[in-house]
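A.B. asks: Sending over a structure as structure tokens; questions will come in a sec.
The values are calculated or read from the model by the stated rules, or taken from the named source; none is laboratory data. Note that this is a predicted model, so its numbers are computed, not measured. As a convention, Cβ positions derive from the backbone with ideal geometry for all residues, glycine included, and neighbour counts pool all protein chains shown.
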């Protein structure tokens, strides 16, 4: 008798349809799915995809022609038990990760630039070099203060002073997770502004 094999196949006391090996498999899959969700910053679509795949696999596994009715019922319970326990173990890392927040300091650099506008000589014949009106604008660069890494740019046209003020007022980003157990998990951020308001 293989003691290790018998131990893994042993049903749990409170959930007789779920064996220790099934529970261990649930933990492994649940943690793996949680890590993927944390990496992509989104969990609901991964959960729905897992439920769909697990549901189809359970039905195929259950209604195998070589199984009798009692085995089918047992297999169906095991399949849904695996699905539910996996979702539960997936939720644990998501819950703890949702408690973490971080801030990134940002510095803003504004540079004056020009771009080609309307052509000044549209009626010029062939061989004549095209000439354009130079339209002024401002290019806003965003950098991580700690590393000087550029993390984004925005173009602001003439007369868009309110929009420019919104960009130049940014001093950082506050990262957090919008989380509600089993239903919502997504990475979000708010800008930290010089006037202490976030948006």
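A.B. asks: Would you confirm whether any residue within the range 94-113 is assigned to a helix (DSSP H, G or I) and out of contact with any strand residue (DSSP E or B) (no Cβ under 8 Å at 6 or more places or on another chain)? Working first, answer last.
C.D. replies: Taking the range 94-113 as the starting set, the residues that turn out to be assigned to a helix (DSSP H, G or I) are 94-98.
Now restrict to residues that are out of contact with any strand residue (DSSP E or B) (no Cβ under 8 Å at 6 or more places or on another chain): 96.
Scanning the range 94-113 turns up at least one residue that is assigned to a helix (DSSP H, G or I) and out of contact with any strand residue (DSSP E or B) (no Cβ under 8 Å at 6 or more places or on another chain).
A.B. asks: When you go through 109, 82 one by one, which is the residue that is on the phi < 0 side of the Ramachandran plot and assigned by TED's automatic domain parsing to the domain that holds residue 41? Steps first, please.
C.D. replies: Values: 109 fails: assigned by TED's automatic domain parsing to the domain that holds residue 41.
82 is the lone residue from the list that is on the phi < 0 side of the Ramachandran plot and assigned by TED's automatic domain parsing to the domain that holds residue 41.
A.B. asks: Additional query: Could you figure out which of (1) closer than 19 Å to residue 194 by Cα; (2) at pLDDT 90 or above isn't true of residue 162?
C.D. replies: Every condition holds for residue 162 apart from (2).
A.B. asks: Determine whether the range 53-66 contains at least one residue that is within 26 Å of residue 187 (Cβ to Cβ) and either at pLDDT below 85 or part of a helix (DSSP H, G or I) (or both). Before the answer, list the steps.
C.D. replies: Let us first name the residues in the range 53-66 that are within 26 Å of residue 187 (Cβ to Cβ), namely 53-54.
With the extra rule that they be either at pLDDT below 85 or part of a helix (DSSP H, G or I) (or both), the set shrinks to 53-54.
Yes, there is a match, as at least one residue in the range 53-66 is within 26 Å of residue 187 (Cβ to Cβ) and either at pLDDT below 85 or part of a helix (DSSP H, G or I) (or both).
A.B. asks: Moving to a separate point now. Can residue 91 be described as at pLDDT 85 or above and assigned to a helix (DSSP H, G or I)?
C.D. replies: On the way: at pLDDT 85 or above: yes; assigned to a helix (DSSP H, G or I): yes.
Yes; evaluated as a whole, the condition is true for this residue.
A.B. asks: For the range 154-174: of the residues being exposed (fewer than 15 other Cβ atoms within 10 Å of the Cβ) and in a strand (DSSP E or B), which is farthest from the chain's Cα centre (by Cα)?
C.D. replies: Applying the filter and picking the extreme gives 157.
A.B. asks: Ok, one more. Just the residues that are modelled with pLDDT of 70 or more and out of contact with any strand residue (DSSP E or B) (no Cβ under 9 Å at 6 or more places or on another chain), please, taken from the range 114-142.
C.D. replies: 129
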